[in-house]
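Asker: Take this structure first; my questions come after.
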Amino acid sequence: MYREFKQLNLPEIDKTILEFWEREQVFEKSVDQRDAANSYVFYEGPPSANGKPGIHHVMARTIKDLFCRFHAMKGQRVERKGGWDTHGLPIELSVEKELGITKEDIGKSITVDEYNQKCKETVMRYKDMWDDITRKMGYWVDLENPYITYTNEYIESVWWLLSQLYQKGLLYKGFTIQPYSPAAGTGLSSHELNMPGAYKEITDVSAIAQFKIKGTENEYFLAWTTTPWTLPSNTAVALGKNITYVKVKAFNRYTKALTYVILAKDRLGAYFTEAKADLTPEEVKPGNKPIPYIEIVAEMKGSELEGTEYEQLLPYVTPNKPAFRALLGDFVSTEDGTGIVHIAPTFGADDFKVAQKYDIPPLMVEDEYGNPMPLVDKKGQFVKEVSDFAGRYVKDYGQEEERSVDSDIVIKLKTENKLFHSERYLHSYPHCWRTDRPVLYYPLDSWFVRASSMKDRMFELNQTINWQPKSTGEGRFGKWLENLQDWNLSRSRYWGVPLPIWRTEDGEQELCISSMEQLQQEIDKANAALGLQQTLPKDLHRPYIDGVVLVSDDGQEMKRELDLIDVWFDSGSMPYAQWHYPFENKDKFEQKFPADFIAEGVDQTRGWFYTLHAIATMVFDSVAFKNVVSNGLVQDKHGRKMSKRLGNAVEPFETLATYGADATRWYMMSNSDPWENLKFDIEGIGEVQRKFFGTLYNTYSFFALYANIDGFKYEQTDVPLGDRQEIDRWIISQLNSLIEEVDAAYAEYDVTTATRKVMNFVNDHLSNWYVRLCRRRFWKGEYTADKIAAYQTLYQCLNTVSKLMAPVAPFFADWLYGNLNTATQKESNISVHLADFPKADSSAIDKKLEQRMNYAQRISSLVLSIRKAEKIRVRQPLQRALLPILDASFQEQVEEVKDLILAEVNIKDLEYITDTSGIVTKKIKPNFRTLGRRLGKQMKNAVQIINGLGQEDINQIEQSNQYTLSINGDTYDLTLEDFEIITEDIPGWQVANDGALTVALDVNISEDLEAEGMARDLVNRIQNIRKDKDFEVTDKIEVLVEQHSGVESAIEQFGSYIKDETLAVELTSSAELTEGEVVELPGDIKLHIKVQKANL
RNA sequence: UCCGAUGUAGCUCAAGUGGUUAGAGUACUCGCCUGAUACGCGAGUGGUUAGUGGUUCGAGUCCACUCAUCGGGACCA
């Protein structure tokens, strides 16, 4: 028996199937039954269990899951090792928040050990929740043996990778300008800077300084700055290559000295009013912002000024290399300032970069250990070399002072004739989110991966990767690789993979550790040389690893560089570290590298996708993955980002519990391509549930109901296709076409097409055409070969659909498959996920058959459309429809499906018009596709000529299949192919068109037809009454109809038909009937009908 | 501000290499309850394809600019 159900309950199915999977270990079997030699390698991008799973995780994991399931069904072995990302700043921050501490407390009020212990506990906080969502959404991944990034084994593999980079000379120490909070004494990540409220509007003193050009008496560059405290560190000025500059003769407003100042022509108006040849110094007052000038003495492009040397503005410290020159920078604009930018390489990222390019040194002094440091120390105070301002804070760090150091610097410049102008300036400036104090851009020591040196190779290898969508790979990722910067690995944090580099105090000698074994050897060596008792730490994290002192070849102590590495390196290491490669599982790794498939959100483009690619390229000269699907964001239904703050985040557990995993998954995959941002609308899931799963469920229920009655268990051999009805062969043909299309779509990682095709097949073809038209075959008559053929056909469709949908809707598919196969035992698999993906039988595909059924559907639709327009109900039979034939095969084709059409639209006959001349009005159009290429510019004239052709000409063309077109003396021989001819109208008939198809309907209703229509309505009313009275389907009845002129002939002519349809043993009319039900019939007829069970 | 993506019916999405009635579903209107399904079926209304300009015989499709939304980077003088 096939199981029958009261109604569709997807969440219930989820539960049942989930239990079944676990009980039968279906996932394990689906992997184990496939040969390792035919592997499909998938890498799981590790989530962090530190946060709760969201609906976007369901999205991303649906994609991962479905392609793995698909390939498993295609016969490949698809192992899916899970993983957890356990390190990183977000975890540290959440721990600090919880403990109510800041970074500064670590090592003081809490030991590093305790702190890291706390991180380790926190990191798996929501693991249960993640495991739960993984189960409930049907994501098959091995959670028993996941890789965990904080384990010693994982770290050891990461170390090995780092040492590989180190040996290739790809790891170096340098400094970069990074956001740094002197108040907190820590560098800030860009994500901390992007926290809401980080940028505040503050007022600073801005200054336009005069940089005196070397070898001149009184010529100056004017450069603007909002941070006068960086002026002592100035070593260059930057100009725009294509910006036009002017040299202006003017008086200094403070000193009244005659000067020639250079600034961008576009900025002239911001600082100067008008030219006055006889200007006197007294006319220029300090308070006036724009001031008059004497004249413009020269004009030049920025490029002409490149290399111009000037005198140091504030000579506290002398640089060790030539400096103080004009450079060209593409970041220079004329939107504000002077079009000349002051460059302090120690305090600006752009400054640093452009200075490096021109080999201009930063201004540095030596600290107490002799190491170089900038003119401002890590507390934000000027160093002693900046004599007048030594010890002063450069920004507001809570100190009390009369004037800010910026103001004092401005005053100093003013008195030395080095200031052009100064004013207060309101701008937004980043602040430390913990201390609320201003951030400085500050040079910090960091370890870098020389990724830029490998960018060409990365770019090349990227071209072999199949990106879905393509644009992300070529555009976003490709562009990123083209402009690749070195990878800053350093994080001055506690909970992460420690950098395995030990250095002597002078930094002259260093050692990069590549394994525990090597570390042990080095420890032994150090113990011997230094007389220590060190042992290998049990935990490779800080603080234990920090305590390890090693020894250099010449006997010096070596200490570990205190940095941790960027967590992104952790996750990019997973192809190797998940197997503890190269220390274990060498063969395993070799089998599983690179991945066939990975998938994550687009936000991972510069994250995981990049780190995987970079490490694989640099260490193995290989791609890390061959196919990648990057999915878009999940937004709310209005296209806004989901966030806790807006309260529009969708709760995944709730969604799964309400709609079931399959409807949710199916909705997300079918609604739009996964790489588009998904406007997540919960009603869309409801729609999928109703329209797709509901329909498929009903189709199954229908099948089960009658198959159980007839005892169909698919015991008979298949009825040969040739012996089955046309409509059976049609749906089988459609089904096989569907298999081909869906298989291809999945293979190309195009799940949206796959799901839409399946949906379309189930709704339009299977349910609404095949089953609807075949209903009678299932319930009427004996258990004949034809009936068996119908069952076999429908069974095959359902069974195949279950396999086609299985990757996306694994629960329902397995439920459906199970219901079918437990009854028939036709396939030996206990689960659809152990089955092979269906193979299309191309011999069963009959495109001509598909075409003629398509005609049948469209012709039916046209007839119904005319009925509707003419307000003639379908129950009213009509005599005939006319069909102008399109081409030779058309009539033949339609003839095959004629009976279907007649029954479907309730007409008696279908007639073809072959000789259409004089009967129909035709319309002719040029075929733009064929003619456009040939005619080119003549097309316009041709259109005019062709559209002007009359009925005669059209007939002529149709018969002779040739036409000579002449335009302006040129002639072209055209054939029927070059035209589109459609029947527009049949005078005197009601006509409808659909593309080239035209249908005319005879809407005359003869008395006979009217009576037959009435008879059908009577049947309908009587059946309704039967149903209202809850009669059994098999009950015989007696019918008494009130006498009425409108139904007389119906009862007379079609009495036996009515009796037959309603199982009436008697049908009589009576003039005086006042009992029974009042029914309304066409023609405003109201009368009584009395129905009662027959006494037999 | 720079880079990228997107913009088609009220909403969610389609429209081979440019080819002439821009299609589905949903919503809405109207009509249909007889043995699978009203969680259904049928028919209809609904578009200046964001805007402007260009290339072309022909543009939703190609190009330029503008606007809007989203994402990423920069926020520095």
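The values are calculated or read from the model by the stated rules, or taken from the named source; none is laboratory data. No experiment lies behind these values; they were computed from the predicted model shown. Positions of Cβ are backbone-derived with ideal geometry, glycine not excepted, and every protein chain shown enters the neighbour counts. With ligands, DNA and RNA removed, areas are computed over all heavy atoms of the protein, side chains included. Shrake-Rupley method; radii C 1.70, N 1.55, O 1.52, S 1.80 Å.
Asker: Which ³J(HN,Hα) values in Hz, rounded to whole numbers, follow from the phi angles of the range A:821-837 under the Karplus curve 6.51 cos²θ - 1.76 cosθ + 1.60, where θ = phi - 60° and Gly and Pro get x?
Answerer: 3J(HN,Hα) across the range A:821-837, in whole Hz: 7, 5, 6, 9, 6, 6, 10, 7, 5, 7, 9, 5, 7, 9, 7, 7, 5.
Asker: Also, quick follow-up: Could you tell me which residue out of A:501, A:649, A:41 lies farthest along the dipole of chain A toward its positive end? Charges go on the beta carbon: Lys and Arg +1, Asp and Glu -1, centred on the Cα centre.
Answerer: A:501
Asker: While we're looking at this one, here's another question. Could you tell me the ratio Rg/Rh of the range A:921-985? Both radii from Cα atoms, Rh via Kirkwood.
Answerer: On the way: Rg = 11.1 Å, Rh = 11.9 Å.
Taking Rg over the Kirkwood Rh, I get 0.94.
Asker: Looking only at chain A, where both bridge partners belong to it, what percent of the DSSP beta bridges are antiparallel (to the nearest 5)?
Answerer: Restricted to chain A, the bridges split so that about 70 percent are antiparallel.
Asker: So what is the 222 nm mean residue ellipticity for chain A from helices alone, if each DSSP H run of at least 4 adds -39500 (n - 2.57) and you divide by all residues, rounding to the nearest 500 deg cm²/dmol?
Answerer: Roughly -11000 deg cm²/dmol at 222 nm, from the helical runs in chain A.
Asker: Can you give me the solvent accessible area of residue A:421 with a 1.4 Å probe, rounded to the nearest 10 Å²?
Answerer: The accessible area of residue A:421 comes to roughly 10 Å².
Asker: Considering the dipole of chain A built from charges on the beta carbon (Lys and Arg +1, Asp and Glu -1) around the Cα centre, which of A:816, A:638, A:427 is farthest to its positive end?
Answerer: Checked the options; the winner is A:427.
Asker: Viscosity 1.002 mPa s, temperature 20 °C: what is the translational diffusion coefficient of the range A:64-138 from Stokes-Einstein with a Kirkwood Rh over Cα pairs, rounded to a whole number of µm²/s?
Answerer: Numbers: Rh = 15.2 Å.
Diffusion coefficient, whole number: 141 µm²/s.
Asker: Tell me, what is the per residue accessible area of chain A in Å², probe radius 1.4 Å?
Answerer: Normalised by residue count, the accessible surface of chain A is 45 Å².
Asker: Taking the alpha-carbon set of chain A, what are its Rg and Dmax in Å?
Answerer: Here Rg and the maximum Cα pair distance are 41.4, 130 Å.
Asker: Take peptides A:985-994, A:828-837 and line them up by average Cβ neighbours within 10 Å, highest first, as a rough protection proxy.
Answerer: So the peptides A:985-994, A:828-837, ranked by packing, come out A:828-837, A:985-994.
Asker: Quick one: net charge around residue A:562, please, counting Lys, Arg +1 and Asp, Glu -1 for every other residue with C-beta under 9 Å from its C-beta.
Answerer: Details: positive: A:542, A:559, A:560; negative: A:546, A:561, A:563.
Surrounding charge for residue A:562 is 0.
Asker: Place the peptides A:35-46, A:801-812 in order of packing, highest mean first, counting for every residue the other Cβ atoms within 10 Å and averaging per peptide.
Answerer: For the peptides A:35-46, A:801-812, the packing ranking is A:801-812, A:35-46.
Asker: About its Cα centre, what dipole magnitude does the range A:921-985 give when the only charges are +1 on Lys and Arg Cβ and -1 on Asp and Glu Cβ, stated in debye to the nearest 20?
Answerer: 400
Asker: Please calculate the 1.4 Å probe accessible area of residue A:121, with all protein chains present, and give it to the nearest 10 Å².
Answerer: Its heavy atoms expose roughly 110 Å² to the probe.
Asker: With all protein chains present and a 1.4 Å probe, how do A:665, A:125 order by accessible area, largest first? Please report the intermediate quantities before stating the final value.
Answerer: Working: A:665 0, A:125 105 Å².
So the residues, ranked largest to smallest area, are A:125, A:665.
Asker: Among A:756, A:61, what's the order by accessible area (1.4 angstrom probe), most exposed first?
Answerer: In descending accessible area the options line up as A:756, A:61.
Asker: Also, quick follow-up: Heavy atoms only, probe 1.4 angstrom, no DNA, RNA or ligands counted: give me A:81, A:691, A:626 ranked by accessible area, highest first. Mind showing how you got there, number by number?
Answerer: On the way: A:81 40, A:691 115, A:626 90 Å².
Order by accessible area, largest first: A:691, A:626, A:81.
Asker: Run the reach check for residue A:641 against lysines, Cα to Cα strictly under 29 Å, same-chain hits fewer than 8 apart removed. What comes back?
Answerer: Cα-Cα hits under 29 Å: A:52, A:64, A:97, A:127, A:136, A:200, A:470, A:479, A:679, A:691.
Asker: Given the protein chains as shown and a 1.4 Å probe, how many square angstrom of residue A:680 are accessible, to the nearest 10?
Answerer: It works out to around 10 Å².
Asker: Now for a separate question. Could you work out what % of the accessible surface of the range A:1007-1093 is carbon and sulfur, using a 1.4 angstrom probe and leaving DNA, RNA and ligands out of the count?
Answerer: Within the range A:1007-1093, the accessible surface is 40 percent carbon and sulfur.
Asker: Counting pairs of alpha carbon atoms under 8 Å apart in space and at least six apart in sequence, what relative contact order in percent does chain A give?
Answerer: Across chain A, relative contact order equals 11 percent.
Asker: Defining a contact as two alpha carbons under 8 Å apart and six or more residues distant in sequence, what relative contact order in percent does the range A:921-985 show?
Answerer: Relative contact order for the range A:921-985 comes out at 50 percent.
Asker: Collect residues whose amide H, placed 1.01 Å from N in the peptide plane, falls under 5 Å from the amide H of residue A:340; neighbours closer than 5 in sequence don't count.
Answerer: A:224, A:264
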